[in-house]
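Here is the structure we will look at.
The values are calculated or read from the model by the stated rules, or taken from the named source; none is laboratory data. Please read all numbers here as calculations on a predicted model, not as lab measurements. Note that we place each Cβ from the backbone using ideal geometry, even for glycine, and neighbour counts take in every protein chain shown. Surface accessibility is based on the protein's heavy atoms, side chains included, excluding ligands, DNA and RNA. Shrake-Rupley method; radii C 1.70, N 1.55, O 1.52, S 1.80 Å.
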Amino acid sequence: YLGIESEARGLASALSECLAEMSVLPVPVVSVIIGEGGSGGALALGVGDRILMQEHAIYSVIAPEGAAAILFRDSSRAPEVAEALKLTARDCVRLGVADKLVSEPDGGAHVDPDFAASLVQDAITWSLGSIEGDGKQLAAARYRKFRRMGQINTYWREALSREAGAVGSRFSQTFDFIRDRLTGTDESESDETGETRQAEAGS
């Protein structure tokens with residue numbers, strides 16, 4: 001609850017301590033996002049080796065209505081902000097925020113909660129089986145995992161810059177090759193012309 005009462009009872013401190021403790025836990029940590037996960041509480045519980053999301057779940061640092069109210073002072077623009085937040089499960093997996101989509105029954109998890117729970121159980125079992133290493137290795141891998149989040153734009157910029165540099169280098173080499181060939185051809189033709197004139201003059 002984002003209110004003065006929560007702050008007075010130490011909400012910010014509790015979230016910070018939770019983030020700090022979970023980041024160094026020497027055991028496998030699997031977090032599952034079902035339905036709507038948002039704000040500090042969800043993020044504090046999201047420091048895991050594997051982050052799973054039900055396919056129709058959403059996950060964001062803030063609800064679209066709250067973001068619209070802050071950015072535009074108009075909560076009716078929530079749909080517009082929701083698109084920019086990239087909060088769907090597929091967006092989160094694509095961006096590296098979540099690791100795996102968990103399928104839901106046709107029509108959504110609420111249609112068949114028992115089947116939905118069994119699908120989540122299978123995903124948790126798979127995740128625990130994929131986590132390897134001792135306590136220090138787990139904490140180090142978790143740290144690296146979260147340091148990489150948000151770097152997708154930087155990665156693509158660097159990749160494009162390298163590709164542009166390679167293309168420019170190839171173009172320069174090709175241009176130099178063509179210039180050298182043309183210059184060499186002109187010189188040989190000039191030499192041949194000169195030799196012909198000298199022979200004619202001598203005769």
Contact order normalised by residue count of region 85-134, Cα under 8 Å, 6+ apart, percent: 21 percent
Computed lengthening from GLN121 to SER103, 0.36 nm per intervening residue step minus Cα-Cα distance: 5.4 nm
Region 1-83: chymotrypsin sites (Phe, Trp or Tyr not before Pro) in DSSP coil with no more than 16 other Cβ atoms inside 10 Å: TYR1
Local net charge near LEU25, Cβ-Cβ under 10 Å (Lys/Arg +1, Asp/Glu -1): -1
Share of carbon and sulfur in the accessible heavy-atom surface of region 38-161 [1.4 Å probe, %]: 56 percent
Under-5 Å amide H pairs with GLY37, H placed in peptide plane, nonlocal only: ILE58, TYR59, SER60
Inter-site label distance for LEU128 and SER39 at 7 Å from Cα along Cβ, in nm: 3.1 nm
Per residue solvent-accessible surface (Å²) - region 64-109, probe of 1.4 Å: 59 Å²
